[in-house]
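Accompanying notes for the structure given below.
The values are calculated or read from the model by the stated rules, or taken from the named source; none is laboratory data. Keep in mind that this is a model prediction, so the values were computed, not measured. Here the Cβ positions follow ideal geometry from the backbone for every residue, glycine too, while neighbour counts run over all protein chains shown. Please note that ligands, DNA and RNA were not included when accessible areas were found on the heavy atoms of the full protein model with its side chains. Shrake-Rupley method; radii C 1.70, N 1.55, O 1.52, S 1.80 Å.
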Amino acid sequence: MNYAQVDFNKKPDDDLGNVEDKFQESFYEALKQKGIENYDRSVEALLKCIELDNSVAVLYYELGKNYKKLKNFGAAEEALKKAVNKDPDNEWFLDELYGFYASQNDYDKAIKTIKQLVKYHPDYKEDLASLYLRSKKYDDALKLLDELDSEFGISLSRDAMRNQIYKATGRKKDQIKNLEKRVENHPDKESNYLALIFRYSENNEKEKAFETAKELLKINPNSQLVHLALYKFYLDDNDAEKAIESMKIVIKSNEIKPEAKLKVLTDFVSFVGKHPKYEADLVEATALIDNRSNSKTLIELGQYYLAKKNKGKALEYFEAALKLEANNFGVLRNVLLLYIDLQKYDSAKEKSDEVLQKFPSQPLFYLINGVALNKLNQPKEAIEALETGLDYIIDDTKMEADFYNQLSKAHSLLNNTAKAKTFSDKAKQLESSN
């Protein structure tokens, strides 16, 4: 009955209410200052809170994060450790302490901390494997990766760690055994075969790689990726028909990346260069692929057709390569010489004018410019270009003779027979000395 006489709205007569207000005020001030990146002031506010009540674990957690921002790493570690000690089962506190140790490359302490976290989420197990790898505890890492693969299946990130370990330790046989086991346990999974083929090839076990590729083709006759390996095996086995068939499958495939297709096309060009009877297949292959994004392949195709004396086709590929590598000296040279050979004198003049802005000390480009100008009946401009180019010739009597021949032609066009003969004689003298 006496309860009816208590005024619940009346403030306490002691100072506990004031303490609580000061605590909350300082705590919110700490969060505010941290939010605007005033970490020093945030620390001051948190320390006031700790003076009022040092039992609240989150204060040390926030203090540790602020110290970390201020690069006061010793104080950060101590604060975070206090937070964990006061609330050992708090995942966020443990995660922050683990992150701190990892950022400081203190792997032993990071490992010790993350072992407390693995019960919360399997991702921490993968992080632990990564820490084992970074600290060169390879056996521990592999054991943990095996557990994770067994529990959750294969993953690209874990395989990347495995491959790092195998590479660092030189355990190629263990790597292959692992992949062989995967093929055995999951005979319907294409990626396992492909990985094993790659590792066999890398380890110079070509027969095993070839057999594995053929096995995959039996299990999955529609596999397209396997032909990335098969075409090379067929080439090594001198089975040209099957090699070409595999190449065409690769080039037509929607599953295979353009870079890989272009690599195959480059090999195709090289193969047909040695076996010209398959040129029709190469023509068909080049029509199937968008090879306009790889200059190396385009240049090789240009060289192939140049060797076949198909200058028009060669020029087409060199011009396409030039769009990707505008300053490639070799390609520019081929394009300009082909313009002259194919009597495209306007193109030769225009392109050589442009190229001389980039390569003003290359005599060949002055010579081509002069030839084009003579052919276009512009002898004065030709003489100017040729005389300029002569100054850049160093120990090349053949090129010098070519310059004099063109100067002779230019003066002949101007009906200056005396000068024309002088340059013609100089050219003959150099030609006879070679």
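Among Lys208/Lys257; Lys69/Lys115; Lys68/Lys136, which pairs are too far apart, with a Cα-Cα distance over 32 Å?
none
For the range 216-280, with all protein chains present and a 1.4 Å probe, just round the carbon and sulfur fraction of the accessible area to a whole percent.
That share works out to 49 percent.
With a 1.4 Å probe and all protein chains left in place, how much of the accessible area of the range 31-109 comes from carbon and sulfur atoms, in whole percent?
45 percent
Given R₀ = 56 Å, FRET efficiency for Asn105-Phe329 by Cβ-Cβ distance, to 0.05?
0.75
When the helices in the chain are scored as -39500 (n - 2.57) per DSSP H run of 4 or longer and the sum is shared across all residues, what 222 nm value do you end up with, to the nearest 500 deg cm²/dmol?
On the way: 24 runs with 327 residues, N = 434.
Mean residue ellipticity at 222 nm (helix-derived): -24000 deg cm²/dmol.
Which angle between 0 and 90 degrees, to the nearest 10, do you get for helix 240-252 versus the longest principal axis of the chain when only C-alpha atoms count?
60 degrees
Based on the Cα gyration tensor of the range 205-293, what are the three equivalent ellipsoid semi-axes, each the root of five times an eigenvalue, rounded to whole Å and given largest first?
21, 16, 10
For the chain, what is the accessible area per residue in Å² when the probe is 1.4 Å?
Value returned for the chain: 58 Å² of accessible area per residue.
So what are the ³J(HN,Hα) numbers for the range 311-323, from phi and the Karplus equation (6.51, -1.76, 1.60; θ = phi - 60°), rounded to whole Hz, Gly and Pro as x?
So the Karplus estimates, Gly and Pro as x, are 5, x, 5, 4, 4, 4, 6, 5, 5, 5, 5, 5, 5 Hz.
Just need the relative contact order of the chain here, percent rounded to a whole number, with Cα pairs under 8 Å and 6+ apart.
On the way: 455 pairs, mean separation 19.3, N = 434.
Computed over the chain, the figure is 4 percent.
What lysines sit close enough to Lys274 to cross-link, taking a C-alpha to C-alpha distance under 21 Å and skipping anything fewer than 8 places away on the same chain?
Partners found: Lys232, Lys242, Lys248, Lys261, Lys263, Lys296, Lys308, Lys309, Lys311, Lys313.
For Cα Rg over 2.2 N^0.38 Å, several values are listed as (i) 1.71; (ii) 1.05; (iii) 0.96; flag the one computed from this structure.
(i)
What ³J(HN,Hα) values, in whole Hz, does the Karplus curve 6.51 cos²θ - 1.76 cosθ + 1.60 give for the range 179-185 when θ = phi - 60°, with x put for Gly and Pro?
In residue order, the calculated couplings are 6, 4, 5, 5, 4, 5, 7 Hz.
Could you name the lysines whose alpha carbon sits less than 16 Å from that of Lys65, not counting residues in the same chain fewer than 8 places away?
Lys65 reaches Lys32, Lys34, Lys81, Lys82.
Taking 0.36 nm per residue of separation and subtracting the Cα-Cα distance, what length does fully extending Tyr28 through Ile394 add?
Working: separation 366, 0.36 × 366 = 131.76 nm, distance 7.91 nm.
Taking 0.36 nm per residue and subtracting the Cα distance, the gain is 123.8 nm.
Could you grab the relative contact order for the range 334-434? Cα pairs under 8 Å, six or more apart, rounded to a whole percent. The partial results should precede the final answer.
Details: 126 pairs, mean separation 21.3, N = 101.
That works out to 21 percent.
When the Karplus curve 6.51 cos²θ - 1.76 cosθ + 1.60 is applied with θ = phi - 60°, which whole-Hz ³J(HN,Hα) does each residue of the range 207-217 get, with x for Gly and Pro?
4, 5, 4, 4, 4, 5, 5, 5, 5, 4, 5
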